[in-house]
């Protein structure tokens, strides 16, 4: 293989991985369309990546990122790790708001909490690290839902959705309206929807390409973090998530 051919193959392999990552899994046909190549070419690329455990096929034939990428990621510099980058910012935000701050990501249709910062002046709350929480009744879950592709979001909201309190919103149409508002203003809230008396708000963390990688939430009891306080708290929260996004390589497009 010539030098230029080898480079093209590497470039296409990277494009395959990026396509799978952006769609949270993709068929060979979808990969071929994204790369603008014949399906047989896409199939050969997938087979080569599969040989090195960089991708794997689900039972339905969908191509997913493989465990080989975890080996590569584990060798990455700590500063590229989401929790390492977000941690100091979340600790400062927790002190500023006097509330508990969590970082959550979307995994398998639920929100998984990766990091928690607790204000020193507050009574310790439940440690959410490692917990898997529903999407439709939590602020982080709603923010992660809001930035999914419409078809994927509809699938996750197809229900039936569990009701945890009298305030839990379980109507998919009403949730869609709330999520649209969340995308517009850049933050969302959950007021007594997952636990009675628990109020939370969340904002998105974006990666270099603008994709939402995680959600950062601030949560506290309603007597302290009242619904009336949320707009003010959202200013500090959004400043924190924008800083985390900046440290991850995201750049806000210039307006003008």
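The values are calculated or read from the model by the stated rules, or taken from the named source; none is laboratory data. Just so we're clear, the structure is a prediction, and the values are computed from it rather than from any experiment. Please note: Cβ atoms are built from the backbone with ideal geometry, for glycine as well, and neighbour counts cover all protein chains shown.
Yes or no: residue 154 surrounded by 11 or more Cβ atoms within 10 Å (Cβ to Cβ), farther than 25 Å from residue 234 by Cα and out of contact with any strand residue (DSSP E or B) (no Cβ under 9 Å at 6 or more places or on another chain)? Criteria met by residue 154. One residue alone among 181, 151, 104 is modelled with pLDDT of 90 or more, part of a strand (DSSP E or B) and assigned by TED's automatic domain parsing to the domain that holds residue 231, and that residue is 104.
For residue 59, state whether it is without any contact (Cβ under 8 Å) to a residue 24 or more places away in the chain and closer than 29 Å to residue 206 by Cβ. No: the conditions fail for residue 59.
Listed by position, the strands (runs of 3 or more DSSP E) contained in region 188-256 that have at least 1 residues being buried (at least 22 other Cβ atoms within 10 Å of the Cβ) and free of Cβ contacts under 8 Å to residues at least 60 places away in the same chain are 188-191, 198-206.
Do we have any residue at all in region 161-176 that's in contact (Cβ under 8 Å) with a residue 40 or more places away in the chain and surrounded by 13 or more Cβ atoms within 10 Å (Cβ to Cβ)?
First, pick out the residues of region 161-176 that are in contact (Cβ under 8 Å) with a residue 40 or more places away in the chain: none.
Within region 161-176, none of the residues are in contact (Cβ under 8 Å) with a residue 40 or more places away in the chain and surrounded by 13 or more Cβ atoms within 10 Å (Cβ to Cβ).
Which is touching a helix residue (DSSP H, G or I) at 6+ places or on another chain (Cβ under 7 Å), part of a helix (DSSP H, G or I) and at pLDDT 90 or above, of 42, 47?
Working: 47 fails: touching a helix residue (DSSP H, G or I) at 6+ places or on another chain (Cβ under 7 Å).
Criteria check complete, one pass: 42.
Pairing residues of region 1-12 that are at pLDDT below 65 with residues that are exposed (fewer than 10 other Cβ atoms within 10 Å of the Cβ) and part of a loop (DSSP other than H, G, I, E, B), at Cβ distances under 8 Å and at least 6 apart in sequence or on separate chains, gives no pairs at all. Within region 130-151, can you find the residues that are in contact (Cβ under 8 Å) with a residue 60 or more places away in the chain and loosely packed, with under 15 Cβ neighbours inside 10 Å? Scanning region 130-151 gives a single hit, 149.
In the set (1) surrounded by 18 or more Cβ atoms within 10 Å (Cβ to Cβ); (2) at pLDDT 90 or above, residue 119 fails one condition alone, (2). Contact map, region 18-46: residues that are at positive phi paired with residues that are part of a helix (DSSP H, G or I), Cβ distance under 8 Å, separation 6+ or inter-chain. Pairs shown: 24/152.
One residue stands out among those in region 50-69 that are in a helix (DSSP H, G or I) and crowded, with 16+ Cβ neighbours inside 10 Å: the one that is farthest from the chain's Cα centre (by Cα), which is 68.
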